[in-house]
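What follows is one structure encoded as structure tokens, with my remarks underneath.
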Amino acid sequence: MLVLLRPQSVFSQKRHLETADLYEPPLDMFGTDAVERWFTEKEVEEVVEFTEKLAI
């Protein structure tokens, strides 16, 4: 579940989340291909879209 909490912490700090953020610290601690291993491209898009709605 830590993999789901890290994007939340990045969003809390930056108040937005972009796909590129998933490949930068602290999210890169899960490995260079973690995003591709754990999420489909559609799921990544959905997470980013969801955070855009939260930022409003």
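Rule-based calculations on the coordinates, nothing more; no lab input. Just so it is clear, the model here is predicted, and its values are computed rather than measured. So basically every Cβ, Gly included, is an ideal-geometry build from the backbone, and we count neighbours across all protein chains shown.
May I ask you to evaluate 6.51 cos²θ - 1.76 cosθ + 1.60, the Karplus curve with θ = phi - 60°, for each residue of region 19-27 and list the ³J(HN,Hα) values in order in whole Hz, giving x for glycine and proline?
Couplings: 3, 4, 4, 6, 10, 10, x, x, 6 Hz.
Using a basic spin-label model with each label point 7 Å from the Cα along Cα→Cβ, how many nm lie between E52 and M29?
Between E52 and M29, the simple spin-label model gives 2.9 nm.
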